[in-house]
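The values are calculated or read from the model by the stated rules, or taken from the named source; none is laboratory data. Computed from a predicted structure; not experimentally measured. Cβ: placed from backbone, ideal geometry, glycine included. Neighbour counts: every protein chain shown.
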Amino acid sequence: MKYFFHIFGCQMNEADAEVLAGFLVNMGYSEATTEAEADIILLITCCVREHAESRVYGKLGELARLKQEKPALIIGISGCMPQQDDVAKSLRAKFPYLDLIFGTHNLPDFPRLLEEVQAGGSQVLAVLDEAGEVREDLPRLRQDGLKAWVTIMYGCNNYCTYCIVPYVRGRERSRSLDAIVAEVRALAEHGCREVTLLGQNVNSYGRDLAPLVRVDFADLLTAIGKVPGVARVRFMTSHPRDFSDKLIAAAANTPAVCEHFHLPVQSGSNAVLARMNRGYTREAYLALVQRLRSRVPHAAITTDIIVGFPGETEQDFADTLALVREVGFDSVFAFAYSARSGTPAADYAEHLQKPEKSMRLKQLIETANAIALERNQKLANQVVEVLVEGPSKTNPDRLTGRTRTNKLVHINNEPDLVGKLLDVRITKVQTFSLLGERVGVGR
Ligand code: 5AD
Ligand code: SF4
């Protein structure tokens, strides 16, 4: 029996997929290499923007044919889309061939739900309103040995007015520091060299554990930095409002913590930031970047930006472009605002037309790419540390890896380099990747 996953959206879904795969392997399944050979297909969905949802609906349409050819095939849908009760019900009504529909809070119930389907249950639907306690006992099948995602907390309490996440991932729940450190220790013992600590807002780690336990994200980072064998620690996503000086110090003083900070700014206009309920101003963000750079001088800073938020004027957008130039981001993930029903901003006045949003998006991307190239040009002829990950997908004569600042680097393919931390001299720079040559043999 084989399973095949379609994973949409963010790393939280990747992490959930590892749990689902763990359950399936325990039930005797193995992973299919193609959709055609699968006995069960699961869609792990995202609803953060309309585009993500459209891709899911497109896939569901395609699967209708497969189900007709192979009626015994089990098709299930989970993740953030069906976590919304009304969406779950409409999925059930519109796609009668869906065997299983379950929300993010129902992950631990998956084996039972699947058994129900296997026993002949049709259109099994399970959507819990509230997330349960943090579970440390779920199985997990990891994809990669060298790098690992480690979820440190679930949910988000911020309620940015555009964002659906708090409604589908629930309130913040932190894992215990001991459980996280034990997981990282076990990963390191199995050869993992880089961990990325994951949460919707990692900077508020531990708040929900008080007053019983008093621990914050800076404490966690320091503890993870002491685990032998872990050469690199990354974390995402940070909320600029909650990025404390204690955290900056912990990042600066912990050698394993990489010089890369993903700090979503969302907009460069104070008026828009206020309507987004972000809790900081443009000036506060710029001051934070300055404090970070003064403690971690060569840090790469990346960000997320939404253009075309309701009411965004030409001047607001110009402020965003100016902020992008002022910070000099290494990379910008740019999105056109997408109204999500149930969020406050969806009901705001003055929604922008699609062509206007697209135009601003294009302009932002062009500005950001030019700056990214400029930032990369500073690396020409420099020697940087690269964690070699494996052969390039597009050119097997090359190996790829990443710098501590998270930049993609290609080098010539030679034996015995995968998994090593290698010094590489940068010979050519592009907007999205670097080319380099090996210096030394790596460690
Ligand atoms: N429309 C567009 N982009 C959004 N994001 C979150 N919600 C929306 C939305 N409704 C973006 C934010 C966030 C990133 C993961 O997705 O920039 O940081
Ligand atoms: Fe959404 Fe804001 Fe929470 Fe990020 S911090 S998940 S943007 S509500």
ask   = Given the conditions (1) in contact with a Phe, Trp or Tyr (Cβ under 7 Å, 6 or more places away or on another chain); (2) within 11 Å of ligand 2 (Cβ to nearest atom); (3) in a loop (DSSP other than H, G, I, E, B), and given that Pro166 satisfies all but one, which numbered condition is not satisfied?
value = (3)
task = Can you give me the ranges of the helices (runs of 4 or more DSSP H) entirely in the range 45-127 with at least 3 residues that are touching a Phe, Trp or Tyr at 6+ places or on another chain (Cβ under 9 Å) and surrounded by 12 or more Cβ atoms within 10 Å (Cβ to Cβ)?
result = 50-69, 110-118
In the range 362-414, residue nearest to Glu326 (Cα to Cα) [restricted to those that are among the acidic types (Asp, Glu) and in a loop (DSSP other than H, G, I, E, B)] = Asp397
query = Going by the conditions given, is Ala345 in a loop (DSSP other than H, G, I, E, B), of a type in the set (Gly, Ala, Ser) and modelled with pLDDT of 95 or more?
reply = no
key: Every residue from the range 367-391 that is under 24 Å from the mean Cα position of the chain (by Cα) and either free of Cβ contacts under 8 Å to residues at least 12 places away in the same chain or closer than 24 Å to Val257 by Cα (or both)   = Ala372, Arg375, Asn376, Glu385, Val386, Leu387, Val388, Glu389, Gly390
query = Within the range 271-296, which residues are out of contact with any Asp or Glu (no Cβ under 8 Å at 6 or more places or on another chain) and not aliphatic (A, V, I, L, M)?
reply = Arg275, Asn277, Arg278, Gly279, Tyr280, Thr281, Glu283, Tyr285, Gln290, Arg293, Ser294, Arg295
key: Pair list, Cβ < 8 Å and 6+ apart or interchain, from the range 176-193 residues that are of a type in the set (Lys, Arg) to residues that are surrounded by fewer than 19 Cβ atoms within 10 Å (Cβ to Cβ) and part of a helix (DSSP H, G or I)   = none
note = Residues of the range 306-342 being at pLDDT 95 or above, of a type in the set (Gly, Ala, Ser) and either within 23 Å of the chain's Cα centre (by Cα) or closer than 23 Å to Ala372 by Cβ (or both), in sequence order, are Gly308, Ala318, Ala322, Gly328, Ser331, Ala334, Ala336, Ser338, Ala339
task = Check off (1) within 16 Å of ligand 1 (Cβ to nearest atom); (2) surrounded by fewer than 18 Cβ atoms within 10 Å (Cβ to Cβ) for Glu366 and give me the number that stays unchecked.
result = (1)
Residue list for the range 392-409, filter: over 23 Å from the mean Cα position of the chain (by Cα), within 24 Å of Ser331 (Cβ to Cβ) and touching a residue at least 12 places away in the same chain (Cβ under 8 Å) = Asn395, Arg398, Leu399
ask   = Can we say Pro297 is outside any strand (DSSP E or B) and buried (at least 18 other Cβ atoms within 10 Å of the Cβ)?
value = no
ask   = Somewhere in the range 276-295, is a residue farther than 16 Å from Ser238 by Cα and within 16 Å of ligand 2 (Cβ to nearest atom)?
value = yes
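Listed here are the residues, each with its yes/no results for (1) among the small types (Gly, Ala, Ser); (2) in contact (Cβ under 8 Å) with a residue 24 or more places away in the chain.
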| position | (1), (2) |
| --- | --- |
| Gly9 | yes, yes |
| Glu18 | no, yes |
| Ala21 | yes, yes |
| Val48 | no, yes |
| Ile77 | no, yes |
| Gln83 | no, yes |
| Asp99 | no, yes |
| Arg112 | no, no |
